[in-house]
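Written out below as structure tokens is the structure these notes cover.
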Amino acid sequence: MIVVCVILGAVFLVILEEKLYEHYWEKNLSVNLEFSEESVVEGEHCTLCERVENAKLLPLPALKVKFQVSRQLQFEETDRGSSVTDQYYRNDVLSVRPYMRHVRKLSFLCKKRGFYVINGLDLVAGNVFLSRELVKSFSSDTQLYVYPRPFRGTEFEQAMQKLSGEILCRRHVMEDPFEYRGIREYSQWDTMRDINWKATARTGDLKVNMKNYTAQKAVRVFLNLEDGAIWRQEELLEISIRMAAGAMEHFLSLGVRTALYTNGPDILTGKPVILEASSGIGHMENVNRGLARIELSKGAGSFVKLLGETVLGRQDSAGEIFSIFISPDAQDDFRQLLCECEQRQMDYVWICPKSGNEEIKLWPVLEKRVTVISVSGGETAWSTD
């Protein structure tokens with residue numbers, strides 16, 4: 001009789017425990033995933049903070065936190081249950097006591113530029129006797145921008161220095177009323193409209209704005225990501241994106257209004273990434289975010305069809321716009337577009353990255369406008385599998 005009572009008591013406890021966990025395991029249980037930074041540059045390290053808080057008396061002896069993220073984020077610590085296929089599937093097993101907060105920081109290497117999102121995660125809890133698994137999905141909106149690393153290379157940097165020298169030497173005869181470089185004392189030849197009244201009121205002496213002599217009003221960087229090769233050359237396209245980032249960074253650091261036009265699709269909108277000319281604070285941030293969101297796997301549209309009108313339709317008659325084409329693709333329609341630029345006497349250059357053994361056949365009319373830059377193929381130093 002005692003044995004029967006013990007067995008019945010044990011069964012009752014198991015059923016009670018199962019019901020208790022079924023109804024209360026997720027109560028006052030919160031989980032959060034958060035990147036330590038909003039944005040990093042490819043090749044840098046970042047941290048994912050995994051925070052689980054159990055604000056109740058009921059313990060969770062076995063709690064699995066499952067989520068997936070791009071395999072381009074290479075985690076240094078890998079659990080047994082984690083796996084890497086087309087995505088990185090993370091499976092962390094925790095034991096969370098009552099009124100306990102568990103925080104785990106997971107360091108990883110950002111192997112490749114991109115826009116990475118963790119859309120959700122799953123919690124799988126086991127009861128005390130591990131006789132049953134309880135599952136619940138939690139929403140998550142954790143985002144990380146991995147910016148392209150600006151291209152660095154002797155040939156490329158020399159080309160940028162040469163271009164910036166040419167552009168900055170082409171100064172206007174008259175001062176630009178929209179470009180200011182500081183404040184100075186009032187002189188007798190200054191006009192009333194040049195007076196900076198705020199600075200005058202603050203100092204008690206007449207102060208005037210110093211206008212800057214600018215180079216051309218804008219530089220346009222055209223990034224052609226159309227891949228006409230038989231074999232997909234993704235690494236060469238990534239290098240082209242890094243060159244665009246390097247060119248934008250170079251000219252914005254000189255205070256030149258710079259625009260970016262690409263035929264690369266934005267992963268969020270599906271539309272080509274286009275940023276109009278600006279030299280304001282935050283423009284480089286917008287450029288980096290736009291370049292990070294380009295999704296090469298979706299394929300870029302025809303450069304000539306998408307941007308032909310922009311190239312030929314917005315050329316200032318005074319020659320105040322300089323165009324930089326960055327394109328590893330040398331198809332006939334693209335070269336024909338450059339020939340039209342030549343006929344219109346536009347100021348432009350074509351920067352053509354190529355792999356070591358590749359041969360670029362140039363039309364004679366374009367030879368003086370092109371800078372061919374040889375780059376090493378294969379993976380970059382930080383993107384090791």
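Since every read-out is calculated from the coordinates, none of them should be taken as a lab result. Computed from a predicted structure; not experimentally measured. No Cβ is skipped: glycine too gets one built from the backbone with ideal geometry, and neighbour counts run over all protein chains shown.
Structure values in brief
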read-out: Where labels lie 7 Å past Cα in the beta-carbon direction, separation of MET192 and GLU34 in nm; value: 5.6
read-out: Neighbour net charge for VAL370 - beta-carbon separation under 12 angstrom, K R +1, D E -1; value: +3
read-out: For CYS49, CYS352, CYS110, order by how many other beta-carbon atoms lie within 10 Å, fewest first; value: CYS49, CYS352, CYS110
read-out: Whole-number D in µm² s⁻¹ for the range 28-147, Kirkwood Cα-pair radius fed into Stokes-Einstein, 37 °C, 0.692 mPa s; value: 219
read-out: Simple spin-label estimate for GLN158 and ASP122 in nanometres, 7 Å along Cα-Cβ; value: 5.7
read-out: Neighbour net charge for SER131 - beta-carbon separation under 13 angstrom, K R +1, D E -1; value: -2
read-out: Calculated FRET value between SER83 and LYS305, using beta carbons and R₀ = 41 Å, to 0.05; value: 0.45
read-out: Candidate lysines for bridging to LYS207, where Cα separation is under 19 Å - those fewer than 8 sequence places away on the same chain excluded; value: LYS198
read-out: Computed lengthening from GLU340 to GLU359, 0.36 nm per intervening residue step minus Cα-Cα distance; value: 4.5 nm
read-out: In nm, spacing of pseudo-spin labels at LEU366 and ALA55 (7 Å Cα→C-beta vector); value: 6.3
read-out: 30 Å Cα-Cα threshold exceeded, pairs from LYS105/LYS298; LYS112/LYS271; LYS136/LYS271; LYS162/LYS298; value: LYS105/LYS298; LYS136/LYS271; LYS162/LYS298
read-out: Assigned charges on the beta-carbon of Lys, Arg, Asp, Glu; the range 28-147 dipole about Cα centre (debye); value: 420
read-out: Residues SER164, SER140 arranged by fewest to most Cβ contacts within 10 Å; value: SER140, SER164
